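What follows is one structure encoded as structure tokens, with my remarks underneath.
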Amino acid sequence: EYAKLINESGRHLLAVVDGILDMSKIESGNFAITPELFAPGQAIVSCCDILALNAQEAGVALVTRIVPGLPGIVADRSAFSQILFNLVSNAIKFTPRHGKVTVSAARDGAYLVVGVEDTGIGIGEDDLPRLGEAFFQARASYDRRHDGTGLGLSIVKGLVSLHDGELAISSRIGRGTRVKVRLPIEGEGMRTVVAPVKLKS
């Protein structure tokens, strides 16, 4: 039991350090973006496969709704996967047992729109404008069963910005949260040349 606690604490500390390093790279302009053409549907399924055990252990149904025939997207595949991993793992973490997390993807003109929707605890209206600030955690998540640093969404916001994309969040207390990410399919405006991204702290 002690070994398990030590292992979990070590993993949590490593996640905190990795998050801080990623944030520092994004804000200082040292996060390198390497665009490539890949199939977004496959990347989404792979991410959900990795997190399927987390969802199962939490008693949460993890569902994917990917529109058939999605075009390939020009983006940094690693960053795309990190965006998905952070959003989906957050959704699972804040969804109670017997709840559901739905990951969707569809084309909207020149954009790929990825949605992550949960039936979780939700976020208060007053906290919504501050989501994405480094280390900020919404008051709805004060239940100490949920560990976190408040960095995950900040990293998502920074990575989406580096791709010249858009991030939108809507939520209601007790009704769940929906996050939508819009990324240009052809990668226009992507900051392939390293440039600082200023995020609120």
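The values are calculated or read from the model by the stated rules, or taken from the named source; none is laboratory data. None of the values given here were measured: they were computed from a predicted structure. So basically every Cβ, Gly included, is an ideal-geometry build from the backbone, and we count neighbours across all protein chains shown. Note: areas computed on protein heavy atoms with side chains; ligands, DNA, RNA excluded. Shrake-Rupley method; radii C 1.70, N 1.55, O 1.52, S 1.80 Å.
For L112, enumerate residues with amide H under 5 Å from its amide H, sequence gap 5+ or separate chain, H modeled in the peptide plane.
HN-HN under 5 Å from L112: L183, I185.
Net charge near L167, counting Lys/Arg +1 and Asp/Glu -1 over other residues with Cβ under 9 Å of its Cβ?
Result for the local shell: +2.
Output ³J(HN,Hα) for region 88-93: one whole-Hz value per residue in order, computed from phi by the Karplus curve 6.51 cos²θ - 1.76 cosθ + 1.60 with θ = phi - 60°, and x for Gly and Pro.
6, 5, 4, 4, 5, 4
How much accessible area does S46 have with a 1.4 Å probe, in Å² rounded to the nearest 10?
60 Å²
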